[in-house]
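**Student:** Please find one structure pasted underneath; my questions will follow.
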Amino acid sequence: MITVKEATEIINDNPLELKTEKINLENAPGRVLAEDVFADRDFPPFNRVMMDGVAISSSGFSPDKYFPIQNIQAAGTVPIPLENQNHCIEIMTGAVLPDNTDAVIPYEEMEKKESKIKILLSEVKRGQNIHLKGTDRKKGDLILRKGKMTSPAEIGVLATVGKSEIEVYVNPKAAIFSTGDELVEVDENPKPFQIRKSNAHVVAAVLEKENIESERIHVNDKKEIIKSALEKALDKNDFVILSGGVSKGRYDYVPEILEEIGVEKLFHRVRQRPGKPFWFGRNENGKIIFALPGNPVSTFMCVHRYVLPWLRLSIGGGEKIFPSAELAEDFIFEKKLQYFLQVKIRFSNEGKLMAFPMIGKGSGDLANLVEADGFLELPEKINRFEKGMTFPFISFRNIL
């Protein structure tokens with residue numbers, strides 16, 4: 001058996017080798033950039049007016065002075081230079097700052113009388129209400145890194161720098177593979193010795209949130225059927241997540257089948273609970289197999305702790321750093337295993353993440369996950385965990 005740290009290192013040393021493609025900007029939300037993006041000009045590209053009002057020369061200001069309005073300048077029009085420092089130009093938000101002006105006074109801080117305005121301030125500072133050219137980014141600055149997933153913020157930046165097409169990683173394809181004569185479809189009425197499939201739906205839901213296309217495959221516990229189906233799944237997909245058949249039961253054929261079809265075992269069994277029988281390997285074509293224990297909580301934890309960080313690393317997102325949460329109650333775990341404790345998260349008055357243990361009834365208790373927000377990763381070297389100690393927190397809800 002290997003440690004959680006060793007398992008993580010082995011998995012992360014075997015990322016997917018993904019292809020790239022060019023897509024139109026309108027199809028880019030939720031995709032991962034396969035190129036660095038640079039500012040094509042200064043941000044903003046000119047001295048930008050930040051408020052509707054008037055532009056003046058601060059050197060011409062004095063309290064109670066009336067400024068004749070020389071002209072009106074809208075956003076998107078050629079700038080009009082101020083011809084007399086005792087005059088002003090009426091200006092709109094987003095317009096280029098007129099030459100010979102250096103301050104903008106909003107309408108709320110003036111009174112207008114016919115074609116003149118009086119500024120209701122005791123002083124005017126040079127540069128006020130002006131977004132100076134290049135203060136956000138300079139032309140040529142790196143603005144988006146390869147490996148960044150495109151949210152609406154990134155889409156806006158891509159549009160701003162004129163990227164109508166963008167290079168992205170091709171989303172990998174996954175097969176979610178399950179075995180077991182005891183499993184029936186969701187819409188079936190199970191017999192007393194059967195259960196409905198849940199793991200495949202859980203894993204598919206997790207992958208869908210990452211924009212990963214997947215197919216669900218289920219076969220009964222017949223070695224030749226499993227072998228044939230796994231070969232086809234590896235041929236068609238970039239990686240396979242297999243649930244069940246990796247322990248020491250008589251019908252747990254998966255490890256020997258994987259060896260027979262040329263998948264190299266990189267590890268089998270991790271010093272953790274849940275999920276100790278976890279198997280991981282790779283074939284000569286770079287196809288990856290995660291063979292997870294069949295108990296629902298084991299599958300659920302392993303997908304969030306290992307598979308998701310590996311996916312994000314594979315597409316250039318860097319190694320996942322889990323935030324820390326503070327244990328809100330004393331907890332004891334006697335086994336010499338790294339324990340993933342189900343917890344409910346609350347925020348303290350100081351803004352700390354507080355983790356409250358949500359003890360279930362073992363790795364088959366899928367229903368208990370409904371009450372939890374994630375897992376607290378407790379190290380194997382100690383068995384008494386005191387209130388106030390902090391540990392890595394693996395969230396499976398959008399709470400942060």
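**Student:** If the limit is 32 Å between Cα atoms, which of 146/387; 236/265; 19/139; 5/209; 236/344; 112/139 go over it?
**Tutor:** Numbers: 146/387 41 Å; 236/265 20 Å; 19/139 29 Å; 5/209 26 Å; 236/344 39 Å; 112/139 40 Å.
From the list (146/387; 236/265; 19/139; 5/209; 236/344; 112/139), the Cα-Cα distance tops 32 Å for 146/387; 236/344; 112/139.
**Student:** Apply the Karplus curve 6.51 cos²θ - 1.76 cosθ + 1.60, θ = phi - 60°, to the phi angles in region 279-292 and return the couplings in whole Hz, x for Gly and Pro.
**Tutor:** With the stated coefficients, region 279-292 comes to 10, 9, x, 8, 9, 5, 8, x, 7, 10, 10, 9, 9, 9 Hz.
**Student:** Around residue 242, which amide H atoms from residues at least 5 apart in sequence, or from another chain, sit under 5 Å from its own amide H, with H modelled in the peptide plane?
**Tutor:** Those lying under 5 Å, H to H, from residue 242 are 177, 290, 291, 292.
**Student:** Which value at 222 nm does the chain reach when only helices count, each DSSP H run of 4 or more adding -39,500 (n - 2.57), with the total divided by all residues and rounded to the nearest 500 deg cm²/dmol? Write out the running numbers ahead of the final one.
**Tutor:** Values: 7 runs with 64 residues, N = 400.
Helix contribution divided over all residues of the chain: -4500 deg cm²/dmol.
**Student:** What do you reckon, how do 3, 390 stack up by accessible area (1.4 Å probe), largest on top? Intermediate values should be presented prior to the final figure.
**Tutor:** Numbers: 3 25, 390 85 Å².
Output order, biggest surface exposure first: 390, 3.
**Student:** Sticking with this structure for a sec: Bin width 10 Å, origin at 0, all Cα-Cα pairs of the chain: what percent of pairs per bin?
**Tutor:** 4, 18, 20, 17, 13, 10, 9, 6, 2, 0
**Student:** What are the residues whose amide H is under 5 Å from the amide H of residue 133, where those residues sit 5 or more places off or on another chain and H is modelled from the backbone?
**Tutor:** Hits under the 5 Å cutoff: 47, 48.
**Student:** Could you give the angle, 0 to 90 degrees to the nearest 10, between helix 223-236's Cα long axis and the longest principal axis of the Cα atoms of the chain?
**Tutor:** Around 20 degrees separate the two axes.
**Student:** While we're here: Considering the chain as a Gaussian network with a 10 Å cut-off on Cα pairs, which listed residue, 218, 304, 201, attains the greatest mean-square fluctuation?
**Tutor:** Highest fluctuation among the options: 201.
**Student:** Please list 3J(HN,Hα) in residue order for region 8-25, calculated via the Karplus relation 6.51 cos²θ - 1.76 cosθ + 1.60 where θ = phi - 60°; whole Hz, with x for glycine and proline.
**Tutor:** Along region 8-25, the couplings run 4, 5, 5, 4, 5, 7, 10, x, 5, 9, 8, 7, 10, 8, 9, 10, 6, 4 Hz.
**Student:** Stretched out fully, how many nm does the piece from residue 209 to residue 113 gain, at 0.36 nm a residue minus the Cα gap?
**Tutor:** Stretched out fully, the residue 209 to residue 113 stretch lengthens by 28.7 nm.
**Student:** Distance in nm between label sites at residue 384 and residue 18, each 7 Å beyond Cα in the beta-carbon direction?
**Tutor:** Computed distance between label sites residue 384 and residue 18 equals 4.6 nm.
**Student:** Which sequence of 26, 210, 21 reflects their accessible areas, 1.4 Å probe, from the largest down?
**Tutor:** Largest accessible area first, the residues go 26, 21, 210.
**Student:** With each pseudo-label sitting 7 Å past Cα toward Cβ, what's the residue 26-residue 41 distance in nm, one decimal?
**Tutor:** So the label points at residue 26 and residue 41 sit 2.5 nm apart.
**Student:** Quick one: which residues, 5 or more positions from residue 103 or on another chain, have an amide H under 5 Å from its amide H? H modelled 1.01 Å from N in the peptide plane, none for Pro or chain starts.
**Tutor:** Under 5 Å from the amide H of residue 103: 56, 58, 127.
**Student:** With angles folded into 0 to 90 degrees, how steeply does helix 199-209 sit against the dominant principal axis of the chain? Use alpha carbons for both and round to 10.
**Tutor:** Compared with the principal axis, the helix lies near 20 degrees.
The values are calculated or read from the model by the stated rules, or taken from the named source; none is laboratory data. All values reported here derive from a predicted model rather than from experimental measurement. Note: ideal-geometry Cβ built from the backbone for every residue, glycine included; neighbour counts use all protein chains shown. Surface accessibility is based on the protein's heavy atoms, side chains included, excluding ligands, DNA and RNA. Shrake-Rupley method; radii C 1.70, N 1.55, O 1.52, S 1.80 Å.
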